[in-house]
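The values are calculated or read from the model by the stated rules, or taken from the named source; none is laboratory data. These numbers come from a predicted model, not from an experiment. Here the Cβ positions follow ideal geometry from the backbone for every residue, glycine too, while neighbour counts run over all protein chains shown.
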Amino acid sequence: MLIFPFNNKEVSTFVLAFLFKAARAGEAGKGFAVVADEVRKLAEQSANATNQIADIISHIQKDINEAIKTMATGTEEVTTAIHHMSNQSKLVAASTTIVQNLTNENLAGVQNISASTEEQLASMQEISASADELSVMEEDLQKVIQQFKY
C-alpha cells in the first residue's frame with residue numbers, strides 16, 4: 001500500500017538523475033545537489049514511514065481477525081450454553097409436572113385414608129354404643145337373675 005505516488009526506487013532513480021545533472025552543472029549545480037540529497041532523505045523517510053504504517057495495519061488486521069475468531073467462539077459457546085439451559089429448563093418443567101402428579105396422587109390417597117378413618121371412627125362409635133347397651137342389658141339381666149336366686 002503506497003501513500004506516496006512514487007515508489008522508493010523511482011525516487012532514487014529521479015534523485016540520481018538529478019544529482020548527475022547537478023554534477024554536470026558544476027558549481028551552479030551544488031544547490032541542486034543539496035536539494036536532491038534532501039529529496040532522497042525525505043524519500044527514504046517516507047518509505048520507512050510507509051513500511052511502518054503497513055506493519056501497523058498488518059498487526060491491526062491480525063488483531064481484528066483474532067478478535068473475530070474469539071467472538072465467533074464466544075458466540076458458539078453462548079449458543080451452546082443457551083441450548084443446554086433450555087434443555088435443563090425442559091427437564092425441570094417435566095420433573096415439576098411429575099412431582100405435581102405424585103403430590104396429587106398422595107393427596108387423593110390421604111383423603112381416602114381420612115375418609116376410611118372417619119368411617120372406622122363412626123363404626124367404633126356404633127360398636128361402643130352397642131357395647132354400652134349390652135352392658136346395660138347385662139346389668140338388667142343380672143338383676144333379673146338375682147331376683148330368681150333369692
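Annotation: Val35 fulfils all but one of (1) aliphatic (A, V, I, L, M); (2) modelled with pLDDT under 95; (3) over 30 Å from Phe18 (Cα atoms); the unmet one is (3).
Looking at Ser46, Ser58, Ser123, Ser128, can you tell me which residue is in contact (Cβ under 8 Å) with a residue 12 or more places away in the chain and surrounded by 10 or more Cβ atoms within 10 Å (Cβ to Cβ)? None of the other options fit; the residue is Ser46.
Inclusion of Leu42 among residues that are modelled with pLDDT under 95 and in contact with a Ser or Thr (Cβ under 7 Å, 6 or more places away or on another chain) is not warranted.
Screening Ile64 with (1) free of Cβ contacts under 8 Å to residues at least 24 places away in the same chain; (2) under 30 Å from Lys21 (Cα atoms) gives one miss only, at (2).
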